[in-house]
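Worksheet: the structure to be examined is printed underneath.
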Amino acid sequence: MRNPYKTQLQALGLPYRPILGESSTKTIKGEKLGFLTGIVYLVPDAKLCPMASLAGCLAPCLNSAGRGAFNSVQLARKNKTQFFYTNQKAFLLSLAADIWTLQNKAQKLGFTPLVRPNGTSDIPYENLPVLNGLNIFQLFPDVQFYDYTKHPSRNLQGKTSGNYDLTYSFSSITPKPISIKGLTNPHNSRVAVVFQKREDIPKSFRTWNVIDGDDTDVRHIEPKSVVVALYAKGKAKNDTSGFTQIKGIHYA
């Protein structure tokens with residue numbers, strides 16, 4: 001069966017470009033749990049990550065971690081980002097085409113498809129219609145989606161099929177009123193906190209129970225109302241702004 005979203009692109013005279021990536025340490029971890037994961041990696045900026053400046057996370061962003069350190073990877077991400085800006089309709093339909101392919105591949109391999117639209121961005125895809133007024137979550141009701149977000153007030157009501165799991169990303173330098181909105185937003189299932197060293201991750205953080213989040217990136221199967229501990233990678237290892245939590249400085 002031909003990919004219907006590629007057919008739609010062709011009918012509209014729009015180009016298709018690969019958007020969804022499947023090869024990373026995060027996706028390999030997911031496969032051990034039975035999930036075939038696709039992640040969208042872009043080059044973060046103030047528009048794609050509007051809360052990043054307040055959170056202090058642009059400099060230590062995971063965009064620089066792992067394969068992101070390679071020039072070829074950065075070039076590919078830059079091209080995808082430019083595609084998003086210059087031809088958003090084609091970008092979203094290309095993403096839908098890749099999700100369709102991932103869903104079919106997962107079925108053949110006996111995996112459950114899992115998609116993270118914001119690997120290094122914070123785009124509210126719930127507000128971006130792709131086809132016939134439907135966003136990607138509504139187009140693929142049988143696919144589980146997940147993301148981290150620093151948006152304090154994202155509202156998923158009536159915009160998904162209950163298949164989009166959000167984890168609020170904490171930074172101690174974000175103004176307190178904004179952090180409180182993010183921490184108490186019912187559309188955020190849990191909180192992610194970046195710690196400088198894995199061995200320094202506490203059992204509790206600001207009264208919240210802490211679970212290890214680096215064994216897998218499959219967030220939606222985890223408990224709600226907990227802190228998901230991530231340890232710093234890439235430039236985040238040397239971050240002292242307050243985005244990365246350092247033992248003895250930001251917590252006991």
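The values are calculated or read from the model by the stated rules, or taken from the named source; none is laboratory data. Only a predicted model underlies this, so the values are computations on that prediction, with no experimental measurement involved. Positions of Cβ are generated from backbone atoms using ideal geometry, with glycine treated the same way; all protein chains shown enter the neighbour counts. Heads up: the accessible areas ignore ligands, DNA and RNA and are worked out on the full protein's heavy atoms, side chains in. Shrake-Rupley method; radii C 1.70, N 1.55, O 1.52, S 1.80 Å.
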Inset, instruction - Between the alpha-carbon centers of region 95-119 and region 136-152, tell me the distance in whole angstrom. - result: 13
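I'd like to check one number: the per residue accessible area of region 88-200, probe 1.4 Å, reported in Å² as a whole number. Each step should come with its number before you reach the end.
Details: 4390 Å² over 113 residues.
The answer is 39 Å² per residue.
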Inset, instruction - Leaving ligands, DNA and RNA out of it, report the carbon-plus-sulfur percent of the accessible area of region 36-194 at a 1.4 Å probe. - result: 56
Inset, instruction - For the chain, find the longest principal axis of its Cα atoms and tell me its angle to the long axis of helix 71-86, 0 to 90°, nearest 10. - result: 70
Inset, instruction - If a/c stays under 1.5 just call it rounded; otherwise compare a/b with b/c (prolate if a/b is bigger, oblate if not). Do that for region 57-208, with a ≥ b ≥ c from the square roots of the Cα gyration tensor eigenvalues. - result: prolate
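According to the square roots a ≥ b ≥ c of the eigenvalues of the Cα gyration tensor, what is the shape class of region 212-252, taking rounded for a/c under 1.5, prolate for a/b larger than b/c otherwise, and oblate for the remainder?
Working: a/c = 3.08, a/b = 1.67, b/c = 1.85.
Since a/c reaches 1.5 but b/c is at least a/b, the shape of region 212-252 is classed as oblate.
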Legend entry - Cβ-derived FRET efficiency at R0 35 Å, Asn71 paired with Lys247, nearest 0.05: 0.55
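Would you mind calculating the relative contact order of the chain from Cα pairs under 8 angstrom and at least 6 residues apart, reporting the percent as a whole number?
On the way: 442 pairs, mean separation 52.0, N = 252.
Contact order relative to length: 21 percent.
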Legend entry - HN-Hα J in Hz across region 178-187 - Karplus 6.51, -1.76, 1.60, θ = phi - 60°, x for Gly and Pro: 5, 4, 4, 4, x, 6, 9, 5, x, 7
Inset, instruction - Rank-order 73-86, 1-14, 143-156 by packing density, defined as the average count of other C-beta atoms within 10 Å over each peptide's residues, highest first. - result: 143-156, 73-86, 1-14
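Roughly how many debye, to the nearest 20, is the charge dipole of the chain about its Cα centre, given +1 on each Lys and Arg Cβ, -1 on each Asp and Glu Cβ, and no other charges? Walk me through the numbers on the way to the answer.
Working: 31 positive and 17 negative charges, 61 e Å.
Approximately 300 debye in magnitude.
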Legend entry - By average C-beta atoms within 10 angstrom, highest first, the peptides 176-183, 203-210, 222-229, 98-105: 98-105, 222-229, 176-183, 203-210
Inset, instruction - Would you kindly state how much longer the chain becomes between Asn132 and Lys176 on full extension, computed as 0.36 nm times their sequence separation minus their alpha carbon distance, in nm to one decimal? - result: 11.9 nm
